[in-house]
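Input: a single structure, listed below in structure tokens.
The values are calculated or read from the model by the stated rules, or taken from the named source; none is laboratory data. Quantities reported herein were computed from a predicted structural model and do not represent experimental measurements. With ideal geometry, Cβ positions are generated from the backbone for all residues, glycine too; neighbour counts draw on all protein chains shown. Just the protein is used for accessible areas: all its heavy atoms, side chains included, with ligands, DNA and RNA removed. Shrake-Rupley method; radii C 1.70, N 1.55, O 1.52, S 1.80 Å.
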Amino acid sequence: MEPERAGVAGGAVNTFRQLGHALAVAVLGTVLTSTMRDSLSHGAAHTLAGCGARALDGVVPEHTLRVVFASGLNTASVVAACAALVAGVLVLALVRAPRAAHRPPGTTAAAVTGDSRGPSVEKSEATSPPKNPAADPR
């Protein structure tokens, strides 16, 4: 990536990171609530998932609330671990390190890239147009 475009790349990475976090919280919260709904009523599961365990005192035994909540957390953790494993495999399969240009011994970078001006030309001179075309010695 060119240094001039580093800000765009950084912004894109941060945008996708934020979207990923929001999506993960939504999906894992849904998994947690769905797992708890298997053992509790719909309303009780949502109350417990929303930090309302005190509102369920006397309605549902405390031990049951703890077991159901732990079961939901376990299921959400397994789903998160599976997603992380799949993401890791995808990264290993799809992201490749850039290969270095093969240079035969004794040659310069300019000879490999075809730059006839030689290795003394800086990158900014090689990529930017001359300021005064009439004064350009090329």
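Name the residues in region 33-52 that are open to solvent by less than 50 Å² (accessible area, probe 1.4 Å) and either at positive phi or assigned to a loop (DSSP other than H, G, I, E, B) (or both), would you?
LEU40, GLY52
Rundown of residues vs (1) on the phi > 0 side of the Ramachandran plot; (2) modelled with pLDDT under 65, yes/no style:
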{"residue": "ASP57", "(1), (2)": "no, no"}
{"residue": "PRO61", "(1), (2)": "no, no"}
{"residue": "LEU73", "(1), (2)": "no, no"}
{"residue": "ALA101", "(1), (2)": "no, yes"}
{"residue": "ALA110", "(1), (2)": "no, yes"}
{"residue": "GLY118", "(1), (2)": "yes, yes"}
{"residue": "SER124", "(1), (2)": "no, yes"}
{"residue": "THR127", "(1), (2)": "no, yes"}
{"residue": "ASP136", "(1), (2)": "no, yes"}
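Checking the structure you have, find out if any residue of region 1-21 is touching an Asp or Glu at 6+ places or on another chain (Cβ under 9 Å) and assigned to a helix (DSSP H, G or I). Outline the logic, then answer.
Going through region 1-21, the residues touching an Asp or Glu at 6+ places or on another chain (Cβ under 9 Å) turn out to be none.
For region 1-21, residues touching an Asp or Glu at 6+ places or on another chain (Cβ under 9 Å) and assigned to a helix (DSSP H, G or I): absent.
Where residues in region 1-12 are of a type in the set (A, V, I, L, M) and surrounded by 10 or more Cβ atoms within 10 Å (Cβ to Cβ), which of them is nearest to the chain's Cα centre (by Cα)?
Looking only at region 1-12, we keep the residues that are of a type in the set (A, V, I, L, M), and these are 1, 6, 8-9, 12.
When the remaining residues are screened for being surrounded by 10 or more Cβ atoms within 10 Å (Cβ to Cβ), the result is 6, 8-9, 12.
Numbers: ALA6: 17, VAL8: 15, ALA9: 13, ALA12: 10 Å.
So the residue we want is ALA12.
Within region 14-70, how many residues are within 19 Å of ALA87 (Cα to Cα) and small (Gly, Ala, Ser)?
Residues that pass the stated criteria total 4.
How many residues, within region 54-102, are closer than 23 Å to ALA24 by Cα, touching a Leu at 6+ places or on another chain (Cβ under 9 Å), free of Cβ contacts under 8 Å to residues at least 24 places away in the same chain and open to solvent by less than 50 Å² (accessible area, probe 1.4 Å)?
Looking only at that region, the number is 0.
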